[in-house]
């Protein structure tokens, strides 16, 4: 004779049964009970209908969200992305600036991109200022003084001057980047 489950036990296990998360012996006991108990069989039918309705609604909601989000990824947004750096650096004409602002206002994804860029820019500037203020010595000033004194003594090689200025720029960039990671 097969193990009998009570209606309470079956009710507690129905969701696991619908999700196919029961082991085989327990599944067989439950199916046996469902074959002899019309009330529990009706509960199972209602639960399956409820799960199917939920899945349908969930699919519709997800597809609506995808359509809405995809509607923001268009030619206008691509144009925005191409001109974002120039916009941040004030390299666009007034007409182009207005066009980029309109896109940022009307497109939430573009607005988020713009906010992220401005946040990064503020972080970069503040980390550079912090590094500059934390430094005990102004290396760029020292290097420029050395260059000036070499120039005054006519010992300045143009290649050396270019390499020195390039080194100062690279050092400033590296100090700024390192400081970003230290924050």
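What follows is calculated from the coordinates using simple rules that are stated; it is not laboratory data. Computed from a predicted model, the values in this text were never measured in an experiment. A quick note on method: Cβ atoms are made from the backbone with ideal geometry, for glycine too, and the neighbour counts reach across all protein chains shown.
Within segment 1-30, which residues have the backbone N less than 13 Å from the label spot 7 Å out from residue 43 along Cα→beta-carbon, could you tell me? Counting backbone N atoms under 13 Å from the label point, the list is 5-18, 30.
Each label was represented as a point 7 Å from its Cα along the Cα-to-Cβ direction; for residue 26 and residue 163 these points are 7.5 nm apart.
Multiplying the residue separation of residue 141 and residue 126 by 0.36 nm and removing their Cα-Cα distance gives an extension gain of 3.4 nm.
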